[in-house]
Amino acid sequence: MQAAITARLCLTLALLGVLPTALAAPQTVILYGDDDYAPYSYVENGVFKGMYVDLLRAAATRMPEYRLDLQPRPWKRGLDALEKGQVFGLFPPGRKTERPYVQPYSAMLYRESVVLFCHDAVMRTPRTHFPTDFAGLSIGVNTGFLLSEKLMAPTWKRPRAMKPI
C-alpha cells in the first residue's frame, strides 16, 4: 500500500514537472523577409507571399513548439536589423564576405536561377557567351542583388553601366 502511494506520488510529481513545458505557449520566432523579391518573397495587396514564404510556413507546421512570424521588410532595412541583432533571421540569406554577421545556413531554401531579359533589338546580334557578348550594354541590377564573383571581378571588361536600379 505504501509503495503504491509512493509510486503515485512520484508519478504525479513527474507529470507536474513535465506539464508546464507541455502547456507552455509556443516560442515566437520572427524572421524578416525581402518584401520585393518576386517570385521568392514579396508583398501583394498587403499580403506577404512567395515561394520562400510558402516553404517557411510549411516547415513551421512541423514545429509546433514555435510560432513563426514572417515580416516583410525592404532588403536594406532587413540587413541593417540583422547586423544590429534586432531580428533572429532574414531571408533569403544573401551571404557575402562583406556581411560577416550573416552566418552559414544548414541548407539553402532553394537554388535560384538568375535570368537576363533583353529587348528584341539587343538580341538581333547573336549573344551566346555571357558576359563577353554583353559588353557595352547597360545592365540594371536590383538593389541588394548578388552578382557572381566573375561579374564583380575587375579582370573582364564590364558593360558600360552595371549599377543598382
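The values are calculated or read from the model by the stated rules, or taken from the named source; none is laboratory data. As the structure is a computational prediction, the values presented were derived from the model and not from experiment. Ideal geometry is used to build each Cβ from the backbone, glycine not excepted, and the neighbour counts take in all protein chains shown. Protein only, heavy atoms only, side chains kept; ligands, DNA and RNA dropped before computing areas. Shrake-Rupley method; radii C 1.70, N 1.55, O 1.52, S 1.80 Å.
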Conditions (1) modelled with pLDDT under 70; (2) in a loop (DSSP other than H, G, I, E, B); number of the one not met by Thr97: (1)
Pair list, Cβ < 7 Å and 6+ apart or interchain, from the range 48-76 residues that are over 17 Å from Glu112 (Cα atoms) to residues that are aromatic (Phe, Trp, Tyr): Ala60/Tyr66; Leu70/Phe48; Gln71/Tyr32; Pro72/Phe48; Arg73/Tyr32
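Within the range 114-126, does at least one residue satisfy the condition of being of a type in the set (Phe, Trp, Tyr), open to solvent by less than 100 Å² (accessible area, probe 1.4 Å), at pLDDT below 85 and more than 29 Å from Ala24 (Cβ to Cβ)? Outline the logic, then answer.
Of the residues in the range 114-126, the ones of a type in the set (Phe, Trp, Tyr) are 117.
Adding the requirement that they be open to solvent by less than 100 Å² (accessible area, probe 1.4 Å) leaves none.
No, the conditions are met nowhere in the range 114-126.
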Residue within the range 82-91 that is over 13 Å from the mean Cα position of the chain (by Cα), of a type in the set (Asp, Glu) and surrounded by 13 or more Cβ atoms within 10 Å (Cβ to Cβ) present: yes
